[in-house]
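Data block below; observations after.
Quick note: the coordinates plus some simple rules give every number you see, no bench work behind them. What you are looking at is a predicted structure, and each value in this text was computed from that prediction instead of being measured. With ideal geometry, Cβ positions are generated from the backbone for all residues, glycine too; neighbour counts draw on all protein chains shown.
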Amino acid sequence: MNILLLGSGGREHAIAEKISQSPLCKQLFIAPGNAGTSQTGTNVFFNILDFATIEKFVLENDIQLVVVGPEEPLVRGVVDYFKSTTTLQKVLIIGPSLEGAKLEGSKDYAKAFMQRNSIPTASYKTFNRNEILEAENFLKTLKPPFVLKADGLAAGKGVIIPQTLEDAIQALKEILGTSKFGTAGDKIVIEEFLPGIELSIFVLTDGKDYIILPEAKDYKRIGDNDIGPNTGGMGAVSPVPFAGKEFFKKVEEQIIIPTVDGLKRESIDYCGFIFIGLMNVKGNPFVIEYNVRMGDPETEVVFPRIDSDVVELFVKAAKGELKNTVVQINPQTALTVVMVSGGYPGDFEKGKEIVFKNKLEGSLVYHAGTKEHAGRIVTNGGRVLAVTSFGKNIQEARKKSYDQIDEINFENAFFRKDIGLDLL
Ligand code: AMP
Ligand code: GLY
């Protein structure tokens, strides 16, 4: 079948690689893709938020399966567009409906969903722009650190964790009292701080049944030892050693099953990935957030570990036939280190030539912010490459990824040196 994948990051390159390995895939198109995906399939350049253009492309190229990588098309209703357009109704699509995508698009919606379905999460209250005083009074009843979340999509910048009440009140006023966060700041969720270690769980659901994909740990801060500003993610490891069998049993029983059952009971049309950001609080899982897509860079360690045919999994999910599906997972450790442009997550320059020397056995180099320019590959974003390696343990996978990074050069390249070290 012909397949269209929407997106352009390392996540999409990793998904594209797996799709292209499937005997079910005839032609793979990636919109808009990057310099890596163009070696896996055919990049096509159109705006993935322009649904009429997607429709035209799908019909002209006999696309039978669409996989949505990032959240934005989902939160804007691309799946509803497909389901309500007669000519597209037979096209299989991986992604939740507009209603389902609210689990990521609105923190308040996600918290209320968790509460209705008795899913463990931090206790919280939501306030709107007319309730700054009430919110301030609520903050005064809490102990630091404070957790403030702009309700809507805020490109990863919507969560603020101040250590003092003064800073918390200032952040509150910035979110509710100014236009800094746009409509994302129309509401604020203030919640209890959960101390613990974070991990990311990934589920593929058809809305009734589900399969659990490998879990991963993400490294969000720019600097070693989790110092400095938050980024999209600087590295990831899968599997996560501190998530043992007993913990996973709790995750499935207390979180995954109630989530999927909740979607079903509330008639929320959902076929796609559920990315559950979890806090392990003394052996008990609490949901920090839902995302309605795969994580990046987590996908760059999760997808390489999937030995099953992913196209077969996608087709089953889109047809509502996931029941009794078993997914084959590679038991080895996968570890990825993200190479970023100097200056990221602040200002950085683009257009630096990337020089690839030796390609090492056992490593996979996924492209994120790259493009082809005059026959060369140049940087085109903050996160440039994700270098993934397999090993029998974290030490081995780490060594291979860092050895592979030594074989790649671009001006002002930066990467964390400590990915995986905290798990040893
Ligand atoms: P999010 O954008 O929801 O992923 O939040 C960003 C980060 O803030 C998370 O990855 C956590 O590290 C942290 N965080 C969010 N909510 C809480 C909470 N209730 N307690 C502790 N940390 C939190
Ligand atoms: N790595 C975190 C995310 O994709 O949201």
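The figures follow:
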item: Using θ = phi - 60° and Karplus 6.51 cos²θ - 1.76 cosθ + 1.60, couplings along region 236-247 (whole Hz; Gly, Pro as x); result: 7, 9, 8, x, 9, x, 7, 9, x, 3, 5, 4
item: From phi via Karplus (6.51, -1.76, 1.60), per-residue ³J(HN,Hα) for region 80-87 in Hz, x at Gly/Pro; result: 4, 4, 4, 6, 9, 9, 3, 5
item: In Å, descending, principal axis extents of the Cα set of region 120-251; result: 45, 40, 27
item: Taking N as its residue count, the alpha carbon Rg of region 274-322 over 2.2 N^0.38 Å; result: 1.42
item: Stokes-Einstein D for the chain, Kirkwood Rh over Cα pairs, 4 °C, 1.567 mPa s (µm²/s); result: 59 µm²/s
item: Cross-link table Lys323/Lys399; Lys90/Lys180; Lys26/Lys371; Lys149/Lys316; Lys173/Lys350; Lys282/Lys417, entries beyond 30 Å C-alpha to C-alpha; result: Lys323/Lys399; Lys90/Lys180; Lys149/Lys316; Lys173/Lys350
item: Protection-proxy order for peptides 83-90, 269-276, each taking the mean of Cβ atoms within 10 Å per residue, highest first; result: 269-276, 83-90
item: Given charges at beta-carbon only (K, R positive; D, E negative), |dipole| of region 224-353 in Debye; result: 440 debye
item: Note, ³J(HN,Hα) from phi for region 330-342, Karplus 6.51, -1.76, 1.60, rounded to Hz, x at Gly and Pro; result: 6, x, 5, 8, 10, 9, 10, 10, 8, 8, 10, 6, x
item: Unit charges on C-beta of K, R, D, E only; dipole of the chain, Debye; result: 280 debye
item: Helix-derived mean residue ellipticity, 222 nm - over the chain, DSSP H n ≥ 4, -39500 (n - 2.57), to 500; result: -7500 deg cm²/dmol
item: Unit charges on C-beta of K, R, D, E only; dipole of region 54-190, Debye; result: 320 debye
item: Farthest positive-ward along the chain dipole, Cα basis, beta-carbon charges - from Gly156, Ile276, Ile169; result: Ile276
item: Rounded to whole Å, sorted largest first: equivalent-ellipsoid semi-axes of region 358-424, Cα gyration tensor; result: 24, 13, 9
item: Inter-label distance for Leu421 and Gln395, nm, one decimal - labels placed 7 Å from Cα along Cα-to-Cβ; result: 1.6 nm
item: Region 74-162 - Kirkwood radius from inverse mean 1/r over Cα pairs (Å); result: 15.5 Å
item: Convex hull of region 192-290 built on C-alpha atoms - directionally averaged projected area, nm²; result: 7.1 nm²
item: Computed over the chain: relative contact order in percent, which uses C-alpha pairs under 8 Å that are six or more apart; result: 17 percent
item: Under-5 Å amide H pairs with Leu385, H placed in peptide plane, nonlocal only; result: Met339, Ala368, Gly369
